[in-house]
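K.L.:
Structure in structure tokens, see below.
The values are calculated or read from the model by the stated rules, or taken from the named source; none is laboratory data. Given the structure is predicted, the values throughout are model-derived calculations rather than measurements. All Cβ positions, even for glycine, are placed from backbone atoms using ideal geometry, and neighbour counts span all protein chains on display.
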Amino acid sequence: MRRFGLLQYPEKESLSKKVFNQYFKLSSINAKYDDIVIEPRKFDTRVTKYLDSYDGLNVTVPFKEDIIKFISPVEDAREINAVNCIYQNKGYNTDWKGFYNSLLDTDLKLPILLVGAGGASKAIIYGLYKLGIKHLILVNRTIEKAFKLKDFFKTKIDITVESFENLKDALKRSKTFINATSIGMFGESFNFSNEDLSNLHLIYDIVYNFTSLQEQALENNIKLIDGKTFWYYQAVENLKIWGIYDEVRFYDTFVNGNFS
Ligand code: ATR
């Protein structure tokens, strides 16, 4: 049996575990996907055991950068400085590729406002750069992190940083809004009025569960790309890297499964 898993902390039953195991079952792939929890202070001593014993791994918060010294990152993963997929000791970043693929059929209207400056935002900014976007507005609660990202990507994309207090103001001036924070994951909300969203053509919310932002997008007839879709596109890239991608079966698993 082939083994796949997700390195994470703290413990949280992942969407990956649910969908991939269902996919393996429906496709008669002899494999199992585990959620693997490692305490951050034990990461360096424990991780090699998993690298040796698993056929393929995903990596999520908070290990996407820490893992790099243990594997060989491919060029884009090195440029983003984050790895979320591993195969045969190589580190990939499928977040950016998934984000990029999810927008290939979308005419992105400018300006683009991105909120969040964590790991997911790095992949998203790189994806926007690969899509040919030259400029974006970046807001983050901790503004220093937004300035760090601006500096990190300065040779690739022009970033205007605005404060979190100015979020609504920036939103009113934007046509595309991307939420790359965890706001909505535990029921929190942005508290935008419908009027605040009136200029928008697209809301891209990376949170997996149905958030009030997503509800508002639907209510206001704004095109919505949600977190499950984002997950799906990056998952496809993982399966391709691991050599076990069946387009039809994976799509069927995802669409017909009831994954909450
Ligand atoms: P990920 O890898 O998913 O991006 P992360 O690196 O922990 O996860 O980043 C979480 C992001 O959500 C950050 O931008 C964080 O803002 P801070 O940098 O200020 O911490 C943002 N975030 C989480 N909860 C938030 C909240 N309640 N209000 C505003 N921003 C929030």
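K.L.:
Does any residue of the stretch 171-184 turn out to be without any contact (Cβ under 8 Å) to a residue 12 or more places away in the chain and either more than 21 Å from the chain's Cα centre (by Cα) or farther than 17 Å from Gly118 by Cβ (or both)? Don't jump to the end; show me each part of the working.
P.N.:
Step one: of the stretch 171-184, the residues without any contact (Cβ under 8 Å) to a residue 12 or more places away in the chain are none.
No.
K.L.:
Among (1) assigned to a loop (DSSP other than H, G, I, E, B); (2) within 16 Å of the ligand (Cβ to nearest atom); (3) not hydrophobic (A, V, I, L, M, F, W, C), which single condition is Gly98 missing?
P.N.:
It is condition (1) that Gly98 fails.
K.L.:
I'm checking my understanding of the structure. Among residues of the stretch 163-220 that are closer than 22 Å to Ala120 by Cα and among the basic types (Lys, Arg), which one is farthest from the ligand (Cβ to nearest atom)?
P.N.:
Selected residue: Lys175.
K.L.:
Among the numbered criteria (1) within 21 Å of Ser121 (Cα to Cα); (2) touching a strand residue (DSSP E or B) at 6+ places or on another chain (Cβ under 8 Å); (3) part of a helix (DSSP H, G or I), which single criterion is violated by Leu108?
P.N.:
(3)
K.L.:
Hey, another quick one. Looking at Lys90, Lys109, Lys69, Lys64, which one is of a type in the set (Lys, Arg) and surrounded by 20 or more Cβ atoms within 10 Å (Cβ to Cβ)?
P.N.:
Values: Lys90 fails: surrounded by 20 or more Cβ atoms within 10 Å (Cβ to Cβ); Lys109 fails: surrounded by 20 or more Cβ atoms within 10 Å (Cβ to Cβ); Lys69 fails: surrounded by 20 or more Cβ atoms within 10 Å (Cβ to Cβ).
Selected residue: Lys64, the only one of Lys90, Lys109, Lys69, Lys64 that is of a type in the set (Lys, Arg) and surrounded by 20 or more Cβ atoms within 10 Å (Cβ to Cβ).
K.L.:
Can you name the condition, by its number, that Pro111 falls short on among (1) within 24 Å of Asp66 (Cβ to Cβ); (2) out of contact with any Asp or Glu (no Cβ under 8 Å at 6 or more places or on another chain)?
P.N.:
Only one criterion in (1) within 24 Å of Asp66 (Cβ to Cβ); (2) out of contact with any Asp or Glu (no Cβ under 8 Å at 6 or more places or on another chain) is unmet by Pro111, namely (1).
K.L.:
How many residues are under 21 Å from Ile225 (Cα atoms) and free of Cβ contacts under 8 Å to residues at least 40 places away in the same chain if we restrict to the stretch 121-139?
P.N.:
Step one: filter the stretch 121-139 for residues under 21 Å from Ile225 (Cα atoms), giving 121-133, 135-139.
Of the ones still in play, those that are also free of Cβ contacts under 8 Å to residues at least 40 places away in the same chain are 125, 127-133, 135-139.
Looking only at that region, the number is 13.
K.L.:
Among the residues of the stretch 130-152, how many are surrounded by fewer than 13 Cβ atoms within 10 Å (Cβ to Cβ) and either more than 14 Å from the ligand (Cβ to nearest atom) or small (Gly, Ala, Ser) (or both)? Outline the logic, then answer.
P.N.:
Initially, the stretch 130-152 is screened for residues surrounded by fewer than 13 Cβ atoms within 10 Å (Cβ to Cβ), giving 132, 134-135, 142, 144, 151.
After this cut, where a residue has to be either more than 14 Å from the ligand (Cβ to nearest atom) or small (Gly, Ala, Ser) (or both) as well, the list is 132, 134-135, 151.
Selection size over the stretch 130-152: 4.
K.L.:
Is it true that Thr155 is assigned to a loop (DSSP other than H, G, I, E, B), more than 9 Å from the ligand (Cβ to nearest atom) and either free of Cβ contacts under 8 Å to residues at least 12 places away in the same chain or in contact with a Gly (Cβ under 8 Å, 6 or more places away or on another chain) (or both)? Working first, answer last.
P.N.:
On the way: assigned to a loop (DSSP other than H, G, I, E, B): yes; more than 9 Å from the ligand (Cβ to nearest atom): yes; either free of Cβ contacts under 8 Å to residues at least 12 places away in the same chain or in contact with a Gly (Cβ under 8 Å, 6 or more places away or on another chain) (or both): yes.
Judged against the criteria, Thr155 is a match.
K.L.:
Still on this model: Can you list residue pairs whose Cβ atoms sit under 7 Å apart, with the first residue in the stretch 101-120 being within 16 Å of the ligand (Cβ to nearest atom) and modelled with pLDDT under 95 and the second being in a loop (DSSP other than H, G, I, E, B) and basic (Lys, Arg)? Count only pairs 6 or more apart in sequence or on different chains.
P.N.:
Close Cβ pairs (under 7 Å, with a partner that is in a loop (DSSP other than H, G, I, E, B) and basic (Lys, Arg)) amount to Gly119/Lys64.
K.L.:
Looking at (1) within 19 Å of Leu224 (Cα to Cα); (2) in contact (Cβ under 8 Å) with a residue 40 or more places away in the chain, which is the one condition that is false for Gly187?
P.N.:
(2)
K.L.:
A follow-up question, please. Checking Leu131 against (1) under 23 Å from Asn58 (Cβ atoms); (2) touching a helix residue (DSSP H, G or I) at 6+ places or on another chain (Cβ under 8 Å); (3) modelled with pLDDT of 95 or more, which single condition isn't satisfied?
P.N.:
Checking Leu131 against (1) under 23 Å from Asn58 (Cβ atoms); (2) touching a helix residue (DSSP H, G or I) at 6+ places or on another chain (Cβ under 8 Å); (3) modelled with pLDDT of 95 or more, the one that fails is (1).
So that you can scan it fast, the table gives a plain yes or no per residue for (1) part of a helix (DSSP H, G or I); (2) not aromatic (Phe, Trp, Tyr):
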residue	(1), (2)
Glu165	yes, yes
Gly184	no, yes
Phe210	no, no
Ala217	yes, yes
Tyr232	yes, no
Asn238	yes, yes
Ile244	no, yes
Arg249	yes, yes
